[in-house]
Amino acid sequence: MEKALIALAAALAVAIPAMATAYAQARIGSVGAGTIAEKPETSGIIIILEALPETMVILGFVVAVMLILQFA
Amino acid sequence: MFLKSSKGFPENFGYLNARLRARFGDFLAREDYRRLASRSLEDIEVFLLDTRYGKSFRRSLIEQSLSTHRKIEMALADTSASVLSHTRNMAMGEPEDLISVILSRADLQNGRLLVRYFFIGIPYEMQPRWHAYGTLPVRFFAQLWKSPSVAHGIDKCLAFDHPLARALARALEQVVKGSSLPASERALLSGMLVCQERVLDSHRTKNSALVKEYLARTIDVWNLNIWSRVFSGVMQKEKAAELYLKGGFSLSPERLQGSPEPAGLLDSTPWENILDRSKGGPAEIAPGGAMREFWRWQISLRRKDPLGIEVAIAFIAHQLVEWRNLDSLVVGVSMGFEGDAILEKLILAG
């Protein structure tokens, strides 16, 4: 039972940031596409901005790994 | 939350607004107008060749044997229509519907031209310069212009089978019945507003609420124009009461009928800025003041919400105001007016 709860916590630690990242990237992506269409010289900055929300999932993944390693 | 957001096309608002915001830099600045107002028509011609109006202007130089003034007018109208149509083409879903509602002011303008044409009843070969960014195609209006009688025009409108065309048919029916010109135009405006509100009812969002406010302010402008005719003694109060439209933003028909003075009517409303108090006497409504204030309100929405319809409203208003400003500038310069006198007539935003 305890292992199942740990697994669930680890899954949520990845899933919730992943959904938030998807939401943020959808918004940033559409605005970025519009910006690049008008000003192609901004493409470097837009790629960086698009990648920033990924950090949320990476942090979630690290938390999930820590949960599994420490308690499982 | 995600499903609700998808229905409202927020991603398209993001894309569209990013593109529009990048294009705000293309509009002429206050300094450009100031410089051009003191130059000659040829200087304006050279200046326009280097702007986004240059492409249309070059085309008109090759194709048409018209005066410089007329060629500039054509270039302004063509470029503005293409910019505004492109704005709608970039949108999809809710933004597209809302922009179509805003741009249907072109159908209203074209419809008014036709109502006035049939009201006067004198056949005239030369077609006016149609506003080519509305929902109804320009060829529809061009065909109507060629109609031998109002009855033919009404038949063509009904055959076209579009709600806006039916609204125009109802306005032309008023002309046939012998109603006054304002009454016919009122029928056109109210018919078109009903169609537009039906479009807005399919999107119950904060953005559609703002476009509803836009329509309500349009009603206010109409009502203010009728009221100012009463105030200046051109129209009787009883006649005006029949012409007022309900559903205005801040001016109800009751308030309009019960206010004999501009100050009493407009104080504490969004329109109070149009009161001309400069002469020290009783406040008066500046000529064209309501429309100018309406433009200013639209342009002021630019930074209200970067992911809402506000950006598109401000962009469209900016484009139409620039068209109007350059038109006034060209007329003023070709008539030899002083630079300051021309600048007074312009709406300088920002």
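The values are calculated or read from the model by the stated rules, or taken from the named source; none is laboratory data. These figures come from a predicted structure and were not determined experimentally. Every residue, glycine among them, receives a Cβ derived from its backbone with ideal geometry; neighbour counts consider all protein chains shown. We work out accessible area using only protein heavy atoms, side chains counted, and drop any ligands, DNA or RNA first. Shrake-Rupley method; radii C 1.70, N 1.55, O 1.52, S 1.80 Å.
Quick rundown of the values:
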item	result
Residue (of B:MET74, B:ILE154, B:ILE44) at the positive-pole extreme of chain B, dipole from beta-carbon charges	B:ILE154
Relative contact order of chain B, defined on C-alpha pairs under 8 angstrom at six or more residues apart (%)	21 percent
Whole-Hz ³J(HN,Hα) from phi, Karplus 6.51 cos²θ - 1.76 cosθ + 1.60, for region A:11-20, glycine and proline x	4, 5, 4, 8, 5, 5, x, 5, 5, 5
Two-site FRET efficiency, B:ALA216 against B:GLU242, from Cβ-Cβ distance with R₀ of 22 Å, rounded to 0.05	0.65
Table column - 3J(HN,Hα) (Hz), region A:50-55, Karplus curve with 6.51, -1.76, 1.60, x for Gly and Pro	5, 7, 3, x, 4, 4
Separation of the B:GLU173 and B:ASP201 label points, Cα + 7 Å toward Cβ, nm	1.9 nm
Shielding score for A:15-26, defined as the mean number of other chain Cβ atoms within 10 Å	1
Solvent-accessible area per residue for the protein assembly as shown (1.4 angstrom probe, square angstrom)	51 Å²
15 Å cut-off, amide nitrogen to a point 7 angstrom out along A:GLU50 Cα→Cβ, residues in region A:1-31	A:22-31
Rounded if a/c under 1.5, otherwise prolate or oblate - chain B, Cα gyration tensor axes	rounded
Label zone at B:GLU338 (point 7 Å along Cα-to-Cβ), backbone N below 18 Å, region B:18-42	B:34-40
Simple spin-label estimate for B:ASP26 and B:SER180 in nanometres, 7 Å along Cα-Cβ	4.3 nm
Cut-off under 5 Å, modelled amide H: who pairs with B:ASP276 long-range	B:GLU284, B:ILE285, B:ALA286
Interface B:A - total buried accessible surface [probe 1.4 Å, Å², rounded to 100]	1100 Å²
Computed over region A:1-71: relative contact order in percent, which uses C-alpha pairs under 8 Å that are six or more apart	55 percent
Efficiency of FRET between A:LEU59 and B:ARG52 - r from beta-carbon atoms, R0 56 angstrom, step 0.05	0.75
Directionally averaged projected area (convex hull, Cα atoms, region B:55-108), nm²	4.3 nm²
A:ALA9-B:LEU348 FRET efficiency (beta carbon distance; Förster radius 51 Å; 0.05 resolution)	0.25
Added length on full extension, which subtracts the Cα-Cα distance from 0.36 nm per residue, B:LYS304 to B:ARG70	80.5 nm
Shielding by partners, peptide B:18-30 (average Cβ within 10 angstrom, other chains)	3
